[in-house]
1. Looking at the stretch 1-33 only, could you name the residues that are among the acidic types (Asp, Glu) and either buried (at least 17 other Cβ atoms within 10 Å of the Cβ) or in contact with a Lys or Arg (Cβ under 8 Å, 6 or more places away or on another chain) (or both)?
2. Would you tally the residues in the stretch 113-134 being modelled with pLDDT of 65 or more and hydroxyl-bearing (Ser, Thr, Tyr)?
3. Tell me which helices (runs of 4 or more DSSP H) are completely within the stretch 1-96 and hold 2 or more residues being touching a Ser or Thr at 6+ places or on another chain (Cβ under 7 Å), or say none if there are none.
4. If you take the residues of the stretch 67-126 that are aromatic (Phe, Trp, Tyr) and at negative phi, which of them is surrounded by the fewest Cβ atoms within 10 Å (Cβ to Cβ)?
5. Checking Pro107 against (1) more than 26 Å from Gly24 (Cβ to Cβ); (2) in contact (Cβ under 8 Å) with a residue 24 or more places away in the chain; (3) not in a helix (DSSP H, G or I), which test does it fail?
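The values are calculated or read from the model by the stated rules, or taken from the named source; none is laboratory data. Everything numeric in this text was worked out from a predicted model, so none of it was measured. All Cβ positions, glycine included, derive from the backbone under ideal geometry; neighbour counts span all protein chains shown.
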Amino acid sequence: MDIGEVVRESGVAASTLRYYEEKGLIRSIGRNGLRRQFNADVLDKLALINIGKEAGFSLEELTDMFGEYKRPAIDRDKLLHKANDLERSIKRLSALRDGLRHAAKCPQKNHFDCATFQRLLKLASKRKKRSATR
């Protein structure tokens, strides 16, 4: 596949493909004129990179998993750790969503008179203090 086909199939910009190649995440197999050529398996690797980025892995972490252009060696412990991180984020964001919904419908004239809103503020304050000490 030439780089244009990969761009069309994957939705990944050509500049990003070149950057990924520079980082060692993907590898072209040669050129046809000025256009890079890739094996069809590059689409699977790009999908895996996208999943990894969506999960919060850095490109450096993904590069470590991809090694020297070989089949990705996915570290299961890292996956489990990232899944646990995501679970904590989901819980935190769900609580924030619920607090915002409550604040939007709260019958109190002033949100600061609302016990639920006060709990939301205290939780946010504790979370800020914890992240500052890390």
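1. Asp2, Glu21
2. Final tally of qualifying residues: 2.
3. In the stretch 1-96, the matching helices (runs of 4 or more DSSP H) lie at 14-23, 42-55.
4. For the stretch 67-126, the residue satisfying everything is Phe112.
5. Pro107 satisfies all of (1) more than 26 Å from Gly24 (Cβ to Cβ); (2) in contact (Cβ under 8 Å) with a residue 24 or more places away in the chain; (3) not in a helix (DSSP H, G or I) except (2).
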